[in-house]
Structures are given as structure tokens and as C-alpha cells.
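Peer 1: Before I ask anything, here is the structure I am working with.
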Protein chains: 2
Amino acid sequence: MSENYRSMWTDLGLDLDAHDVLLGVLGNAYQETFLSQKARPEGMSYFDFVMSEVHGLRIKELMDEKAAGRKIVGSYCVFVPEELVLAANATLVGLCSGADFAMEEVERLLPRNTCALIKSSFGFKLGKVCPYLESADMIVGENTCDGKKKAYESLGLLVDNLYVMDLPQVKSETGRALLKGEYLRFKAALEELTGVPITPESLRKAIHTVNAKRAAIHRLLSLRQADPAPISGLDALLANQVFFYDNPERFTDSVNKICDELEKRIQDNIGVFPTGTPRILVSGCPQAVPNWKLPMIVETSGAVIVGEESCVGERGTRNLTAESGQTVEAMIEAIVDRYYQVDCAIFTPNSDRLAHIEEMVAAYKADGVIHYGLQFCQPYIMESIPVEKALEEKNIPCLRIETDYGMEDVGQLKTRVEAFIEQIKG
Amino acid sequence: MSENYRSMWTDLGLDLDAHDVLLGVLGNAYQETFLSQKARPEGMSYFDFVMSEVHGLRIKELMDEKAAGRKIVGSYCVFVPEELVLAANATLVGLCSGADFAMEEVERLLPRNTCALIKSSFGFKLGKVCPYLESADMIVGENTCDGKKKAYESLGLLVDNLYVMDLPQVKSETGRALLKGEYLRFKAALEELTGVPITPESLRKAIHTVNAKRAAIHRLLSLRQADPAPISGLDALLANQVFFYDNPERFTDSVNKICDELEKRIQDNIGVFPTGTPRILVSGCPQAVPNWKLPMIVETSGAVIVGEESCVGERGTRNLTAESGQTVEAMIEAIVDRYYQVDCAIFTPNSDRLAHIEEMVAAYKADGVIHYGLQFCQPYIMESIPVEKALEEKNIPCLRIETDYGMEDVGQLKTRVEAFIEQIKG
């Protein structure tokens with residue numbers, strides 16, 4: 001990234017030395033993981049550019065927006081409705097982070113046995129290396145898992161603009177009412193932050209923008225049903241990850257352009273791996289940038305990932321919001337309906353998720369499922385055991401993996417993944 | 001325990017061999033931990049008897065109640081209102097268990113990184129060694145922590161009478177409404193189970209019975225404010241534990257009798273340890289029978305435990321329910337008010353708990369706090385870090401302990417506890 005950004009990063013309060021280290025590691029990992037892939041779609045050059053500028057140009061854009069009076073809202077979860085943020089004339093960016101940073105400092109505030117994703121979010125704050133976090137005018141936490149719920153109590157002492165959204169644990173009438181009440185409270189908080197009241201027009205437009213973004217990424221994901229797969233799991237995951245950072249309209253256009261290319265590939269029977277390559281569905285915890293560990297292992301072991309049943313994947317993007325509402329009230333009902341379908345493991349029971357995994361296995365012609373669990377993520381790790389059992393009862397092979405962001409277990413994971421691929425080939 | 005119970009245990013489906021092993025271990029542990037103590041109050045002989053008959057006479061009583069048409073309700077949490085259970089002509093017994101059993105089988109259903117309390121509850125079921133669980137007509141689970149919430153999904157496959165109660169995560173108006181709605185739903189479920197409608201009379205009587213029980217145990221706990229302490233922390237914990245198993249009226253009478261004796265002791269300046277013995281408040285996770293590990297270590301290391309800020313302790317028993325309500329509706333409001341004050345770490349924020357710890361430190365003249373965390377109990381372990389920080393800012397020494405039910409770390413814990421006691425003496 002250009003030297004021009006250094007003063008911007010300084011203004012944001014970043015630790016430039018630490019940030020240089022981060023960018024160096026990120027650049028190398030990207031080079032080794034992504035640019036070394038064969039037969040990548042040409043359209044992925046857009047994402048290469050986005051990633052090379054993820055702490056540069058995109059932050060510059062956000063700073064320009066701020067200079068023009070627009071507010072930036074940061075979020076850690078797919079339950080934070082981008083529709084409301086956009087309608088209040090603000091920009092939503094994802095804050096989840098996928099790398100260990102400042103772990104010694106983090107473990108003074110959080111137990112060692114906390115999931116890597118939560119520790120990472122603290123590490124990026126304590127290490128002063130996340131320009132998204134530092135540029136956000138409001139940081140939205142949410143009561144999903146115990147880990148995040150309790151961590152926000154400590155994060156609230158590190159930042160002065162944390163807003164915490166409550167969430168239901170059960171999909172009952174009361175649960176839905178709670179979600180709706182929280183979305184209405186969030187709407188009011190956004191309006192107060194931006195000074196811009198949400199109108200039927202602005203909300204309709206916002207719903208349309210977010211729907212278009214979700215439809216585009218879903219179009220891309222659906223094209224992976226083809227054999228040979230026209231795009232690698234790594235590249236598709238990257239698109240899912242950039243979903244949280246990029247300008248929505250530009251993201252939608254870029255993804256649709258890649259889809260045009262992929263459709264051509266499918267027509268021409270061109271893929272990133274040979275026809276008949278074992279096909280894997282990854283299911284479980286979100287994989288945030290730059291957590292590319294598992295797909296890197298899988299796709300260098302003779303298999304291709306054809307789907308992500310994950311918040312950074314279909315769980316997060318699956319459903320669209322109905323666009324028929326005429327009033328703000330009706331549109332918020334539609335938004336509640338849409339988000340209420342997200343089948344996160346925080347819900348009990350959460351049987352929809354198993355049904356979705358099975359649907360995805362069928363749609364993507366997956367030969368097996370790798371359940372990706374972040375160590376100490378209790379909801380997904382606990383749910384993985386009945387999920388594995390149910391899949392195996394339907395003769396769908398399943399490998400349960402529990403890992404973190406460290407690289408110490410890559411060799412061991414590769415051995416297990418290779419054995420699993422051999423199993424599903426047999 | 002007498003041979004007479006073997007046919008009862010067989011009828012309940014217990015694994016007699018495994019159960020014999022459990023009773024043997026329990027008996028030995030009780031002998032070594034409790035009966036070896038010096039200067040115990042005479043009234044503790046009641047609890048010695050209760051413990052010697054905990055799987056015998058008490059179960060026989062429950063079976064007799066069942067034979068007479070009364071229902072038994074089992075619970076794992078202090079949020080299950082005994083008032084409603086009694087008012088519907090049923091008996092509530094605690095099902096939490098404090099020992100590892102059938103761990104190999106358990107870890108096929110639950111991740112290894114699950115807290116010992118949850119794994120233990122599964123172990124007692126899978127090992128067929130818990131007569132309380134087997135005699136229960138209804139088992140009540142509750143959405144407290146992620147661990148329990150998700151574990152109940154699997155427990156529901158092992159038992160055919162699981163009822164799950166939802167709980168709020170935030171003490172807001174919505175949160176209180178959720179709790180009230182769940183208590184009303186529970187009332188209906190109890191009435192359906194027993195066929196006995198809850199009336200103003202039965203509910204008033206039940207509230208009175210439970211209040212008397214709580215008042216008695218609270219009277220006992222308050223007497224520990226004296227120096228020298230008239231009762232050991234081990235014996236007080238035992239009373240707190242039996243609270244969950246015993247017949248309420250008999251428990252109340254027995255505890256009050258011990259209190260009379262303790263008051264006499266205080267008058268005569270008699271204690272279980274010398275005046276000036278370092279005084280410890282234990283705060284954190286519940287300690288269920290036979291989990292006596294921490295107090296055993298503390299009280300054989302030159303200190304006395306003077307209070308438990310715990311669900312098996314003052315957090316669970318602190319508040320009484322107002323008895324002024326005239327209608328079932330008004331009494332249920334009072335019950336909601338009472339339980340809503342429980343400051344479990346599942347709530348966010350949970351600042352009441354810190355205030356209560358500080359109050360208890362002052363009231364019990366504690367020299368320091370040991371925060372007791374069950375490994376992988378995310379809510380309490382996460383909360384322990386800000387709690388420790390806040391206490392130390394007020395010059396209250398705090399030792400954070402994270403452990404399980406195993407005995408492997410006893411030596412290491414003893415070293416840390418001894419060092420802490422030296423620190424607070426200095």
C-alpha cells in the first residue's frame with residue numbers, strides 16, 4: 001500500500017510499526033495462498049486489488065465519507081441489519097478479525113480459553129492495527145454467544161462508542177418480539193447518530209441495495225454447483241469476506257461480473273480443478289480475513305470446497321428481504337422476518353441449520369462435510385456433535401475440526417483432511 | 001446405605017455396580033473431608049445422616065411420594081421456582097452433580113472443552129447412577145449459559161421428560177417480560193403434569209415454605225460473620241448443597257436448630273478455627289455434591305471460608321419472595337421480582353454481582369476473595385477478570401482459580417491457595 005496512507009493511519013491512532021508488520025504478513029499470506037492458485041477467474045483481480053488496498057484505499061473512502069458528514073458503523077455479526085444502517089445514511093463495515101495480535105495484552109482482559117475470533121477482535125484494538133475499528137463512529141456488539149456477550153463488557157471499557165444489541169435464544173413469539181424491539185431501538189440509535197431519520201424511501205432503497213449485494217454473492221455461490229467447480233473455495237471465501245468491507249454497489253457489480261465469467265467457464269466446461277475432484281462443504285464458524293487456513297489445507301490436498309454453511313457464507317447471505325413493504329413499519333417487519341431465519345448455533349433448538357446443511361450438500365453435490373469449529377466456540381462446537389451424527393446417519397461423511405488461528409496444527413490438520421478426502425474418494 | 005434400597009435402585013434402572021462404586025467414593029470422601037473436621041457443631045449430625053442416606057432414605061421418600069400420586073421435578077438451576085413446583089403439589093429436587101462419571105461416554109456427546117458441571121450431569125445419566133434424575137417426572141433445563149443451552153438439546157435425546165425454560169440475557173423490560181412469560185408457561189406445564197391447578201392458597205403456602213427455607217439458610221450463613229467462625233466453610237457449603245435435595249420443612253427445622261447452636265457458640269466465643277484465622281469469601285461457580293475440593297484445600301491450609309457468593313450459596317438464597325400478594329397473578333409477579341434479582345453471570349451487564357461481592361466481603365469481614373471458576377464456564381471465567389480488577393482496586397485481594405472435578409491439580413491449587421493466605425496475612 002502506498003506511503004500516502006501513513007498520515008491517515010497516524011490520524012486514526014494506529015501503531016504504524018505494528019501495522020506494517022500486519023500488512024507484511026497479510027501480503028505474504030495473500031501471495032502464497034491466493035496468487036499461487038491456478039486457473040483463477042480473471043474477475044478475481046478485482047478482489048486482489050481490494051485486498052491490496054483493504055487498509056488503504058477503502059479506509060481512505062471511509063475517511064472521505066466521514067469528511068462529508070457520513071457516519072461509519074462497525075459490526076461483528078450478521079445480525080446487525082445493514083439495511084437500517086444504509087437507510088440512516090451511514091456505512092456498515094465488518095470488524096471481525098481473523099488473526100492473532102497482541103495476544104499477551106489480550107489475555108490480560110480475556111481468558112485464554114476464549115475463541116480466537118473474540119480474542120482477535122480485542123487484539124486488533126489493543127494492538128492498534130485495525131483502521132476499520134478506529135474509523136467507526138459506532139461499534140455494534142450483540143448478545144450472541146456467551147463469549148461475545150461477556151467480552152463486550154470489557155470492550156466497552158476500551159472504546160467509547162460501543163452499542164450492544166440483545167438477541168433472542170429461542171425462536172418463539174417472544175423471541176421474535178425481542179428481535180423486533182432491538183431493531184427498532186437500533187433504528188433510533190442510528191437516527192440519533194446520523195441525524196438522518198429513516199424514511200420509507202431511504203429504507204426501500206437500502207433494502208434494495210443489500211438485496212442486490214446478497215443476490216450477487218448468492219449467484220456466485222450457486223455457480224459452484226458445477227463440476228468442475230469454476231472457482232476455488234478460497235476465492236469464493238474471499239468474496240464472502242470482502243462482502244463485509246466493500247462499498248455495496250461496487251461489490252455487487254464486481255461479483256456479477258465474475259459471475260458472467262464463471263457462467264462462460266461452466267458453458268466451456270472449464271474449472272479450477274479437474275472434473276471429479278472430491279467436493280467439500282465447509283460448515284460451522286465464520287472465517288474472517290485473513291483466516292484462510294482450512295480452505296488452504298483442503299484445496300492443496302486434492303479437494304475443492306464448493307460451499308460455506310457459515311456466517312461468512314450462505315448462512316449470512318441466504319435470504320433476501322421482501323421489498324413489498326410500503327411503510328417503515330412494514331419494511332422493518334420484513335427485515336425482522338429476514339434476519340430471524342439466520343440459523344446461528346446460539347438458537348435452541350437450531351434444527352433449521354441441519355436441514356440447510358443437507359440442502360447444501362445436495363445442491364452443491366458435496367461428497368462430504370468438514371465441520372469447522374473455532375476452539376472454545378461453545379455453540380458451534382457443541383452443535384457439531386449432533387450435526388455429525390445426523391449427517392453420518394444419512395451417509396454423508398463428516399469430519400469435525402476444532403482449531404484456532406495459529407499455524408502449529410497445520411501439519412496435523414492436513415493429515416486428517418487428506419485422510420478424509422481419501423475416505424470420500426473410496 | 002442399607003441393602004433394602006437395592007431393589008428400589010434396580011426399579012429405577014440404576015447400574016448397581018457403578019452405583020456401588022459411586023457410593024463408596026462418596027462415603028470415603030465424606031469421611032475424609034467432613035468427619036475429620038474438628039469442633040463441628042453437633043447439629044451437623046443431621047447433615048451427616050442426610051448425606052449417608054442421600055441415595056437411600058431420601059429417594060425412598062420420593063418414591064413414597066410418587067406412589068401417593070405426587071410428582072417429582074428435577075432441576076439444574078436456581079432459576080427454576082420451587083414456589084410454583086410446591087404449589088402444584090410436586091417436589092423439586094436439584095440434579096446438578098459434582099463428580100466425573102462415565103466420561104468416555106459423555107465425551108462422545110459433549111465436547112471435551114465443556115464445563116465439568118454439564119459433563120457431570122450427562123455422566124450421571126449415562127452411567128445410570130443418579131436416582132434423583134431417574135425418579136423425576138419432569139426434568140427442567142434452562143437457557144442460562146451456551147454450554148447448558150446446547151447440552152439440553154442432546155440431553156433431550158437421553159430422557160423423555162425434558163422441559164426447557166428460556167431465560168433473558170439482559171435485565172430490561174423485555175427481559176423481565178420474557179422471564180414472566182416463561183414462569184407462566186412453566187406454571188401451566190406443572191399443572192398439566194400434576195393435574196393440580198395452582199390456587200392463591202397453595203401458592204401462598206408454597207411461597208411461605210420456600211421463604212422459610214431461604215430465611216433459615218440465610219440465618220446460618222449470617223452467623224458466619226462472627227470471628228471465630230462458628231461453622232466451617234465445608235459444613236456451611238454442605239448445608240447449601242442439601243438445600244437442593246431435602247424436604248423443605250425438615251431442612252428448615254434442622255438448619256434453624258443448628259443456628260440455635262451456632263448462636264450459643266458465638267455467645268461463648270467458640271469457633272471451628274482460632275480467632276483471627278484468615279477469612280475467605282468464595283465467589284463464582286456453583287459447587288455441587290460431592291465437589292468439596294476448593295473448601296477442603298482452603299480449610300486445610302490455615303484459612304476459613306466465611307461465605308459463598310454462588311448459586312449454591314447466597315446468590316441462590318439471598319432474596320425472599322414478597323408474601324403480600326392476594327391473587328396468583330400478584331404472587332407470580334412477586335416471584336418474578338425475586339428471581340429477577342439473581343445476579344448470574346449469564347446477564348450482561350451484571351454489575352449487581354460485583355456490588356454483592358463487595359457487600360459480602362464487608363459483612364463477613366473477609367480478608368480476601370477466591371474466585372472459583374469451573375474450567376470452560378465462559379460466563380463466570382470471563383466475568384472473573386473484571387471482578388478481580390475491581391476488587392483489587394478496592395484493596396481486596398483476589399485469587400482466581402480455574403479448575404474442574406479432577407484431583408490432578410490439588411497439589412498445585414494448594415500451593416497457590418497457601419501463597420494467597422500468606423499474602424492476606426501479611
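Peer 1: Scattering from the C-alpha atoms of segment B:104-213 alone, worked out with Debye: what is log10 I(q)/I(0) at q = 0.14, 0.18 1/Å?
Peer 2: So the normalised log intensities are -0.74, -1.07.
Peer 1: Still on this model: Inter-copy label distances at A:Asp268, 7 Å along the Cα→beta-carbon direction, one decimal in nm, shortest first?
Peer 2: For A:Asp268, the inter-copy label distances come out at 9.9 nm.
Peer 1: According to a simple spin-label model (label point 7 Å from Cα along Cα-to-Cβ), what is the distance in nm between A:Ser222 and B:Ala177?
Peer 2: 3.8
Peer 1: Please state the shape class of segment B:373-426: rounded when a/c is under 1.5, otherwise prolate if a/b exceeds b/c and oblate if not, all from the C-alpha gyration tensor.
Peer 2: On the way: a/c = 4.80, a/b = 1.10, b/c = 4.34.
Because a/c hits 1.5 or more and a/b fails to exceed b/c, segment B:373-426 counts as oblate.
Peer 1: Please give me the summed charge of the neighbours of B:Asp227: other residues whose Cβ is under 13 Å from its Cβ, Lys and Arg +1, Asp and Glu -1. If you can, show how the numbers build up before the last one.
Peer 2: On the way: positive: B:Arg224, B:Arg265, B:Arg279, B:Lys365; negative: B:Asp367.
Net of charged neighbours comes to +3.
Peer 1: Further question on the same structure: Per 0.36 nm of contour for each residue apart, how much would the distance between B:Leu320 and B:Asp337 grow if the chain were fully extended, relative to their Cα-Cα spacing? Could you put the intermediate results ahead of the total?
Peer 2: Details: separation 17, 0.36 × 17 = 6.12 nm, distance 0.97 nm.
Contour length minus Cα-Cα distance gives 5.2 nm.
Peer 1: Below 13 angstrom from the Cβ of B:Ala366, what's the summed charge of the other residues (Lys, Arg +1; Asp, Glu -1)? Before the final figure, lay out each step's value.
Peer 2: Details: positive: B:Arg224, B:Arg279, B:Lys365, B:Lys394; negative: B:Asp227, B:Glu308, B:Glu309, B:Glu314, B:Glu358, B:Glu359, B:Asp367.
Net of charged neighbours comes to -3.
Peer 1: Let me ask something additional. Anything losing 10 Å² or more of accessible area from the isolated chain to the full protein assembly: pick those residues out of segment A:364-385, probe 1.4 Å, ligands and DNA/RNA ignored.
Peer 2: Residues of segment A:364-385 that lose at least 10 Å² of accessible area once the other chains are added: A:Phe376, A:Gln378, A:Pro379, A:Ile381, A:Met382, A:Glu383, A:Ile385.
Peer 1: Which residue is it, in chain B, whose C-beta lies closest to the B-to-A rotation axis, and what is that distance in whole Å?
Peer 2: Reported as residue, whole Å: B:Asp146, 2.
Peer 1: Taking B:Gln31 in one copy and the same position in all the others, each labelled 7 Å out along Cα→Cβ, what are the pairwise distances from the first, in nm, shortest first?
Peer 2: List, nearest first: 7.0 nm.
Peer 1: Let me make sure I get this right: for segment A:1-121, a, b and c are the square roots of the gyration tensor eigenvalues over alpha carbons, sorted descending. Under 1.5 in a/c it's rounded, otherwise prolate if a/b > b/c, else oblate. Which is it? Before the final figure, lay out each step's value.
Peer 2: Values: a/c = 1.29, a/b = 1.02, b/c = 1.26.
Note, shape of segment A:1-121 comes out rounded.
Peer 1: With unit charges on the beta carbon (Lys/Arg positive, Asp/Glu negative), name the residue among A:Pro379, A:Ala88, A:Gln326 whose Cα is farthest towards the positive pole of the charge dipole of chain A.
Peer 2: A:Gln326
Peer 1: Along Cα-to-Cβ, 7 Å out, sits the label point; list in nm, shortest first, how far the one on A:Asn4 is from those in the other copies.
Peer 2: Those label-point separations list as 9.1 nm.
Peer 1: In nm, to one decimal, how far is the modelled label at B:Ser36 from the one at B:Thr415, with both set 7 Å along Cα→Cβ?
Peer 2: Between B:Ser36 and B:Thr415, the label points sit 2.1 nm apart.
Peer 1: Hey, can you rank B:316-323, B:288-295 by average C-beta count inside 10 Å, highest first? Numbers along the way, then the final one.
Peer 2: Details: B:316-323: 18.1, B:288-295: 23.4.
Descending mean neighbour count gives B:288-295, B:316-323.
Peer 1: In Å², what does the accessible area per residue of chain B work out to with a 1.4 Å probe?
Peer 2: Spelled out: the 1.4 Å probe surface of chain B, per residue, equals 36 Å².
Peer 1: Rounded if a/c is under 1.5, else prolate if a/b is larger than b/c, else oblate: which is chain A, with a ≥ b ≥ c the root eigenvalues of its Cα gyration tensor? Mind dumping the intermediate values first?
Peer 2: On the way: a/c = 1.34, a/b = 1.23, b/c = 1.09.
The shape class here is rounded.
Peer 1: Tell me: how much accessible area in total is hidden between B and A, 1.4 Å probe, Å², nearest 100?
Peer 2: By this definition, chains B and A bury close to 3200 Å².
Peer 1: Would you tally the net charge around A:Met331, using a Cβ to Cβ cut-off of less than 10 Å, leaving A:Met331 out, and scoring K and R as +1, D and E as -1?
Peer 2: Numbers: positive: A:Arg204; negative: A:Glu83, A:Glu323, A:Glu329, A:Glu333.
Here the count lands on -3.
Peer 1: Among the listed pairs A:Lys149/A:Lys257; A:Lys187/A:Lys293; A:Lys425/B:Lys150; B:Lys264/B:Lys425; B:Lys125/B:Lys389; B:Lys128/B:Lys389, give every one whose C-alpha distance is greater than 31 Å. Please list the in-between numbers first.
Peer 2: Details: A:Lys149/A:Lys257 39 Å; A:Lys187/A:Lys293 37 Å; A:Lys425/B:Lys150 33 Å; B:Lys264/B:Lys425 28 Å; B:Lys125/B:Lys389 39 Å; B:Lys128/B:Lys389 43 Å.
Distance filter (> 31 Å) returns A:Lys149/A:Lys257; A:Lys187/A:Lys293; A:Lys425/B:Lys150; B:Lys125/B:Lys389; B:Lys128/B:Lys389.
Peer 1: Would you work out the relative contact order for chain B, in percent, from Cα pairs under 8 angstrom that are 6 or more residues apart?
Peer 2: Working: 675 pairs, mean separation 74.5, N = 426.
Over chain B, the number comes to 17 percent.
Peer 1: With a cut-off of 8 Å between alpha carbons and a minimum separation of six or more residues, what is the relative contact order of segment B:206-280 in percent? Mind dumping the intermediate values first?
Peer 2: Values: 65 pairs, mean separation 35.3, N = 75.
Over segment B:206-280, the number comes to 47 percent.
Peer 1: Right, next: Ignoring everything but the protein chains, give the 1.4 Å probe accessible area of A:Val78 in square angstrom, nearest 10.
Peer 2: 20
Peer 1: Among all cysteines in chain A, which have no other cysteine Cβ under 4.7 Å from their own Cβ?
Peer 2: A:Cys77, A:Cys96, A:Cys130, A:Cys145, A:Cys259, A:Cys285, A:Cys311, A:Cys344, A:Cys398
Peer 1: With a 1.4 Å probe and every protein chain kept in, tell me what percent of the accessible surface of the protein assembly as shown is carbon plus sulfur. Present the calculation step by step, with values, prior to reporting the outcome.
Peer 2: Working: 16320 of 30790 Å².
Here it works out to 53 percent.
Peer 1: Considering only A:Leu193, A:Thr348, A:Ile305, whose Cα is most displaced toward the positive end of the charge dipole of chain A, charges sitting on Cβ of Lys, Arg (+1) and Asp, Glu (-1)?
Peer 2: Projecting each Cα onto the dipole axis, the largest value belongs to A:Thr348.
Peer 1: If you keep only loop residues by DSSP, which chymotrypsin sites (Phe, Trp or Tyr not before Pro) in segment A:213-286 have at most 14 other Cβ atoms within 10 Å of their Cβ? If you can, show how the numbers build up before the last one.
Peer 2: Values: sites: A:Phe243, A:Phe244, A:Tyr245, A:Phe251; in loops: A:Phe243, A:Phe244, A:Tyr245.
Nothing satisfies the criteria.
The values are calculated or read from the model by the stated rules, or taken from the named source; none is laboratory data. The model shown is predicted, which means the values in this text are computed figures rather than measured ones. Heads up, the Cβs are rebuilt from the backbone with ideal geometry, glycines too, and the neighbour counts pull from every protein chain shown. Areas reflect the complete protein model, heavy atoms only, side chains present, ligands, DNA and RNA absent. Shrake-Rupley method; radii C 1.70, N 1.55, O 1.52, S 1.80 Å.
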